[in-house]
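Derivation of every value follows stated rules applied to the coordinates shown; laboratory data play no part. Note that the coordinates shown come from a computational prediction; the quantities given were computed from them, not determined experimentally. Here the Cβ positions follow ideal geometry from the backbone for every residue, glycine too, while neighbour counts run over all protein chains shown.
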Amino acid sequence: MLRYIARRLLLLIPVILGVALITFTMLYFSPGDPAQMTLGEQAGAEQLEQFRELHGLNDGFFVRFFNYVKNAVLHQDLGLSYRNRQSVFAEVALRFPTTLKLAGLGVLVAVAMGIPIGIISATKQYSLFDSISMIFALVGVSMPNFWQGMLMIIFFSVYLGWFPPSGFTNFNQMVLPSLTIGTSTAAIITRMTRSSMLEVIRQDYIRTARAKGQKESKVITKHALGNAMIPIVTVIGLQFGYLLGGAVLTESIFAIPGVGRLMVDAIKMKDFPIVQGGVLFIAVTFSLVNLIVDILYAFLDPRVRSQYR
Amino acid sequence: MAKNVATASASAPVVADKKRNQWKEVWRRLKQNKMAMLGLGILVFMVIIALSADLLFPKGFDDQMISRRFQLPNSEYWFGTDNLGRGILDRMVHGARVSLSIGLFAVTISIVFGGLLGAMAGFYGGKVDNIIMRSLDVLLAIPSILLAISIVSALGGGLFNVMLAVGISSIPGYARIVRASVITLKGQEFIEAARAIGASDKRIILRHIIPNALAPIIVQGTLGVAGAILSAAGLSFIGLGLAPPNPEWGAMLSGGRQFIRDHWPMTLFPGLAIMITIFALNLLGDGLRDALDPKLRN
Amino acid sequence: MSRKPLLDIKNLNVHYITHEGTTKAINDLNLALYPGETLGLVGETGAGKTTTALSMMQLVPDPPGKIISGEILYHDQDLTKLSEHELRKIRGNQISMIFQDPMTSLNPIMTVGDQIREGILLHQKVDMATATKRASDMLEVVGIPMERYNEYPHQFSGGMKQRVVIAIALSCNPEILIADEPTTALDVTIQAQVLQLMENLKKDFNTSMLMITHDLGVVANVCDHVAIMYAGTVIEHAEKHMLYRTPKHPYTQGLFGSIPNVEENVDRLKPIMGLMPDPTNLPTGCTFHPRCPHAMDICQVEFPRITRLNDEHWVRCHLYSADEEVSHE
């Protein structure tokens with residue numbers, strides 16, 4: 001198992017390098033001269049040249065990419081923000097826990113809603129509950145996250161005054177953003193849980209369990225759920241990535257000081273190193289989450305486990 | 001060898017015939033699905049409205065008049081007016097053109113490139129497969145909205161770049177689907193037969209494999225249009241997509257954000273338009289999936 | 001000779017009701033299983049054998065399956081009328097079932113030992129340690145070393161999996177074992193081993209068995225009585241030798257070919273002209289009449305009643321109901 005994890009970690013390296021290549025390329029081709037952008041309009045030609053020399057901006061594409069990666073790995077350095085000349089790495093890292101927390105809460109909301117509703121829908125297929133929750137799930141998938149956030153602000157903050165429309169420090173502030181970011185994922189997990197459970201319930205081993213005289217509730221929890229969870233876990237892992245992406249929008253609506261908001265502000269200021277730094281950070285996290293999901297797989301499924309022994 | 005040739009020439013029309021019947025059968029099954037037909041109906045309605053926008057709403061999407069701004073829904077402006085006195089409905093209908101075409105073109109881009117990459121990977125296997133799929137793994141490691149943000153922030157906004165960014169960001173999904181279909185199809189007899197009569201690789205991919213991998217692509221494509229419209233709206237919302245006064249629905253929402261506390265129609269209606277469109281596409285996509293593969297139906 | 005059957009199915013009707021139509025899976029089926037005996041239930045695919053077995057377990061999937069009418073008598077109680085709670089005490093405890101495909105009958109994420117132990121814990125008042133011990137013993141009984149208790153189904157071959165399924169079924173020493181084509185999914189060489197194992201265990205545990213099969217070789221080897229099924233009903237029910245010597249129903253005669261012989265190796269069903277009728281659209285009268293070489297006018301109109309030829313042999317066929325010499329009562 002350890003060897004498997006080690007191998008997977010090694011395989012992660014080319015993927016992350018690839019992601020870095022993409023973000024670096026985008027940065028390389030983004031409009032504006034980095035030296036000018038960093039130093040500002042009033043910088044003289046000599047100053048600009050000095051800056052270029054210092055930061056290796058006169059080198060070719062591949063040399064610069066090599067340095068970009070080297071600096072990122074050795075010095076946690078992803079360049080300077082054009083806006084305030086702060087370290088991009090530090091700026092992003094400072095706000096990263098907030099984004100992670102938001103996405104985590106979103107997953108929590110989604111799992112807490114999606115899995116139970118999905119199970120009940122599957123066990124009571126074609127019932128009223130099933131029909132209603134499937135329609136709600138479809139609506140949930142169809143709503144743009146950011147729009148839902150805006151509606152919630154209008155309704156729960158402006159109209160009812162129950163929750164504050166911004167911030168992310170206390171529980172009350174976290175309710176609306178977590179619901180906003182979690183809803184569509186909840187809908188997806190509901191649909192996935194339902195179809196996965198329906199698939200599993202039809203299997204012969206469920207009939208075997210019933211033939212043993214096992215209680216229906218136990219048949220569901222002990223035999224069906226464990227098997228049905230295997231594809232659901234994959235979906236949860238993938239959704240975590242979308243949530244990290246969705247955080248960009250949600251944070252900007254609720255004025256949450258995370259990486260997403262940093263990126264959106266940076267976009268407006270044309271502060272491209274911050275934008276690409278944020279993308280890189282989130283992509284690396286997403287890859288790690290997927291690795292964890294694969295390991296979790298092995299815990300859930302003995303067939304997978306024995307492959308890696 | 002001779003036997004293979006005979007099989008190929010004899011079975012080709014049969015296969016084509018079977019295919020046609022299969023689509024008829026799919027359509028018959030789809031028609032029975034009320035929800036899918038509802039989705040299709042909504043979409044057809046939206047497309048018609050979007051196409052006849054100039055006739056129905058001749059004022060266009062940028063008819064400003066400060067004196068009539070911030071109107072609530074009334075008989076003249078069904079969905080009210082915005083901060084510059086433009087009819088929200090007028091803008092939405094013109095915006096439907098933009099949003100729907102972004103969805104369609106972005107998906108076309110991903111299907112064409114994803115399809116070709118996937119077909120090549122599946123068809124040639126080995127090294128080609130490895131290189132293509134590992135590169136796509138890299139794209140997959142970046143959540144699609146972030147990839148789109150990354151691309152648009154480098155290329156700049158505007159209709160074409162948004163389509164391109166959204167399209168590129170969902171290439172890997174299509175490539176995987178096509179690759180999987182190709183691998184299953186590759187072993188089948190009629191491909192062997194085509195090869196035996198000396199068809200070129202290009203011909204086999206274009207004439208035999210792609211038509212046969214069509215079913216899953218259609219389903220994914222329908223759902224993909226929905227995803228593309230959402231992504232584009234998200235990009236515009238954070239100021240990366242289409243700039244004002246463009247009536248793209250996400251851009252309209254972005255414009256309404258400042259007035260979220262005071263003038264709800266600017267927030268409600270454009271979002272509703274997005275939601276209904278996505279909802280309809282999802283209904284149709286689910287219906288198509290069931291119709292194309294009844295085995296999968298729950 | 002008139003012993004009391006352990007399990008007695010009387011005029012059972014089971015339909016599968018979907019919006020596409022009603023499938024009449026079981027139609028006026030009668031079946032009797034006597035204590036300590038093995039009853040072979042023989043018929044073509046789609047004749048309703050598995051539905052019959054599932055009805056005995058009261059596990060017909062509902063929806064779409066519905067037991068429309070009839071009785072399944074077991075120890076003076078009608079299984080169709082018992083509550084779910086009462087049925088659970090019987091399932092796996094007094095009546096057990098072995099399913100057709102061992103590949104899919106075991107839960108892939110539970111160890112085989114735990115899957116055997118589950119039934120023991122449910123039905124026997126024992127603690128965990130004792131249950132584990134008994135489950136290990138059951139593994140040994142079916143010829144699997146108990147060291148493999150903690151292994152998962154994917155680590156076993158098909159034949160071994162079927163042994164595990166047998167162990168699960170016999171773990172609570174049931175009175176009745178229903179085996180639904182237990183060997184069709186297995187290799188020919190393994191089939192014989194598994195059948196032999198079941199035979200031995202049936203004797204050791206003194207279990208009555210319903211053996212569902214389409215393999216007349218299996219019937220000849222292991223059964224005491226045979227029920228022949230066609231289109232959801234039993235058309236002939238007899239002691240094995242009687243059936244092999246004097247098959248009465250034209251369908252049975254067709255199955256055995258012209259000269260049936262219990263000693264002769266009749267392995268497979270011989271094809272009979274025509275196909276099994278579509279269960280959503282059964283022929284009127286006797287469901288076999290369109291294929292029957294002896295069909296009469298009455299066969300198209302009236303569903304034949306049971307004609308008792310003797311204590312150990314009855315048939316559902318108009319050829320015999322008119323014959324007063326053989327029809328008693």
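Stretched out fully, how many nm does the piece from residue A:69 to residue A:9 gain, at 0.36 nm a residue minus the Cα gap?
Value of the extension gain: 19.8 nm.
When the helices in chain A are scored as -39500 (n - 2.57) per DSSP H run of 4 or longer and the sum is shared across all residues, what 222 nm value do you end up with, to the nearest 500 deg cm²/dmol?
Taking each H run of at least 4 residues, the total per residue is -25500 deg cm²/dmol.
Region B:156-242: which chymotrypsin sites (Phe, Trp or Tyr not before Pro) are DSSP loop and have at most 10 other beta-carbon atoms within 10 angstrom? Walk me through the numbers on the way to the answer.
Numbers: sites: B:160, B:174, B:190, B:237; in loops: none.
Loop-located and lightly packed - none at all.
Given chain A, what whole percent of its Cα pairs are spread farther than 27 Å? Show your work: numbers first, answer last.
Numbers: 26117 of 47586 pairs.
The share of Cα pairs beyond 27 Å in chain A comes to 55 percent.
What is the count of Lys pairs in region C:14-149 whose alpha carbons sit under 29 Å apart, if the two are 8 or more places apart or on different chains?
13
Test of understanding: in a Gaussian network model of chain A with alpha carbons linked when under 10 Å, which of A:243, A:27, A:11 would top the mean-square fluctuation ranking?
Evaluated over chain A, the most mobile residue of the options is A:11.
Residue by residue through A:136-144, how many Cβ atoms from other chains fall within 10 Å of the Cβ on average?
Average per residue, whole number: 6.
Can you say what percent of the DSSP beta bridges in the protein assembly as shown, counting only those with both residues inside, are antiparallel? Round to 5.
Just about 65 percent of them are antiparallel.
Counting only other chains, and only Cβ atoms inside 10 Å, what mean value do you get across the residues of B:254-261?
Taking the mean over all residues of the peptide, I get 3.
Starting from one equal scatterer on each C-alpha and no solvent at all, send me the Debye-based log10 I(q)/I(0) for region B:22-121 at q = 0.17, 0.21 Å⁻¹, two decimals.
With no solvent term, the Cα-only Debye profile gives -0.90, -1.05.
May I ask you to order C:195-208, A:221-234 by the average number of other C-beta atoms within 10 Å around their residues, highest value first?
Final packing ranking: A:221-234, C:195-208.
Could you please report the charge total around residue C:289, scoring K, R as +1 and D, E as -1 over all other residues with beta-carbon less than 13 angstrom from its beta-carbon?
On the way: positive: C:291, C:316; negative: C:297, C:302.
Residues near residue C:289 contribute 0 overall.
Given the convex hull over the Cα atoms of region B:97-298, what projected area results after averaging over all orientations, in nm²?
Details: hull surface 53.0 nm².
Mean projected area for region B:97-298: 13.2 nm², to one decimal.
Give me A:38, C:111, B:81 ranked fewest to most by other Cβ atoms within 10 Å of their Cβ, as a rough exposure proxy.
Numbers: A:38 22, C:111 19, B:81 27.
Starting with the residue having the fewest Cβ neighbours, the order is C:111, A:38, B:81.
How charged is the neighbourhood of residue C:99? Take every other residue with its Cβ under 15 Å from the Cβ of residue C:99, and add Lys/Arg as +1 and Asp/Glu as -1.
It works out to a net charge of +4.
As a test of the formula, what do you get for chain B when each DSSP H run with n ≥ 4 contributes -39,500 (n - 2.57) and the sum is divided by the residue count, at 222 nm and rounded to the nearest 500 deg cm²/dmol?
Value at 222 nm, helices only, nearest 500: -24000 deg cm²/dmol.
Could you list the GluC sites (Glu not before Pro) in region A:37-109 that lie in coil according to DSSP, counting only those with at most 16 other Cβ atoms within 10 Å of their Cβ? Working shown, then result.
Numbers: sites: A:41, A:46, A:49, A:53, A:91; in loops: A:41.
Passing sites in region A:37-109 are A:41.
Suppose we flag chymotrypsin sites (Phe, Trp or Tyr not before Pro) only when DSSP calls them loop and at most 13 other Cβ atoms lie within 10 Å. Which is the longest uninterrupted stretch of chain A?
Longest stretch, sites excluded: A:163-309.
Can you give the helix-only mean residue ellipticity at 222 nm for chain C, where every DSSP H stretch with n ≥ 4 adds -39500 (n - 2.57) and the sum goes over all residues, rounded to the nearest 500 deg cm²/dmol?
The helix contribution divided over chain C gives -8500 deg cm²/dmol.
Using a cut-off of 23 Å between alpha-carbon atoms, which lysines can reach residue B:34, once sequence neighbours fewer than 8 places away in the same chain are excluded?
Straight-line reach from residue B:34, under 23 Å: A:124, B:24, B:295.
Give the Rg/Rh ratio for the protein assembly as shown, taking Rg as the radius of gyration of the Cα atoms and Rh as the Kirkwood radius, to two decimals.
With Rg and the Kirkwood Rh in hand, the quotient comes to 1.06.
Please give the net charge around residue A:86, taking every other residue with its beta carbon less than 15 angstrom from that of residue A:86, where Lys and Arg add +1 and Asp and Glu add -1.
Working: positive: A:83, A:85, A:95; negative: A:77, A:91, A:265, A:271.
Computed value for this residue: -1.
Could you give each residue of region C:312-319 its phi-based ³J(HN,Hα) in whole Hz, using Karplus coefficients 6.51, -1.76, 1.60 with θ = phi - 60°, and x for Gly or Pro?
Result, rounded to whole Hz: 10, 8, 9, 8, 10, 7, 5, 4.
State the dimensionless ratio Rg/Rh of region A:1-78 (Rg: radius of gyration of Cα atoms; Rh: Kirkwood radius).
Across region A:1-78, the Cα-based Rg/Rh ratio is 1.14.
Hey, how much of the P(r) for chain C falls beyond 30 Å, as a percent of Cα pairs? Spell out each step's value before the answer.
Values: 19534 of 53956 pairs.
The share of Cα pairs beyond 30 Å in chain C comes to 36 percent.
Listing A:150, C:97 from the residue with the fewest other Cβ atoms within 10 Å to the one with the most, what is the order?
The order, fewest Cβ neighbours first, is A:150, C:97.
Find the all-direction average of the projected area of the Cα convex hull for region C:90-180, expressing the result in square nanometres with one decimal place.
That works out to 5.2 nm², a quarter of the Cα hull's surface.
Count, for each residue of C:58-67, the Cβ atoms from other chains sitting within 10 Å of its Cβ, then give me the mean as a whole number.
Values: counts 1, 3, 0, 4, 0, 2, 0, 0, 0, 0.
Mean shielding by partner chains, rounded to a whole number: 1.
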